Amino acid sequence: GFLLGLRHQKMSKFVRKTVQQVPSRRMSFIAADEGALGTKVFHKVNMALVGLFPVAFILSPSKLNLPVDLALGIALPLHAHIGMNYVITDYASKLFGKGAKSPAQMIMAGVTGMTMIGLTKLNLTGPGVTESVKSLWYSPKK
């Protein structure tokens, strides 16, 4: 009895530790840096941005650029969100204590959501992401 219980306890610790090491296939928006899927999404969005930027600058200003601007309005904040979650995971607990990671991730989720909403509004009612960035190089009108 006792030895069997001790063996079971050691085995359950081994199983718990092994299960914790298996990368998750699910992705949480709040803890976007955790799991294999979060990393995969981060890399896919990164590659999409590499392709979207030249297309956006070539097509702008035209109506053909609207879908590209809408994609940039989602991809840029998503890429920043996942990347900042890596930073939060690495530094929030070290700088602000053990309880700082979750609130920082919640704040980051709010910032990302507001950024997506703002860029979507800019794309639908304003000049769009690409023209806004290009305007940084225009000389001011006199």
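The values are calculated or read from the model by the stated rules, or taken from the named source; none is laboratory data. What you see is a predicted model, and the numbers here were worked out from it, not measured in a lab. These accessible areas exclude ligands, DNA and RNA; they are computed on the full protein's heavy atoms, side chains included. Shrake-Rupley method; radii C 1.70, N 1.55, O 1.52, S 1.80 Å.
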> Which members of the stretch 128-142 meet the condition of being in a loop (DSSP other than H, G, I, E, B) and more than 25 Å from the chain's Cα centre (by Cα)?
Replying inline: Y138, S139, P140, K141, K142
>> I need the helices (runs of 4 or more DSSP H) fully contained in the stretch 1-106, keeping only those with at least 2 residues that are closer than 19 Å to S132 by Cα, open to solvent by less than 90 Å² (accessible area, probe 1.4 Å) and at pLDDT 90 or above.
In response: 36-59, 66-96
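For the stretch 107-127, enumerate the residues that are over 14 Å from the mean Cα position of the chain (by Cα), of a type in the set (S, T, Y) and open to solvent by 50 Å² or more (accessible area, probe 1.4 Å).
Here is the first cut: in the stretch 107-127, the ones over 14 Å from the mean Cα position of the chain (by Cα) are 117-127.
Remaining after also requiring of a type in the set (S, T, Y): 120, 125.
Matches in the stretch 107-127: T125 only.
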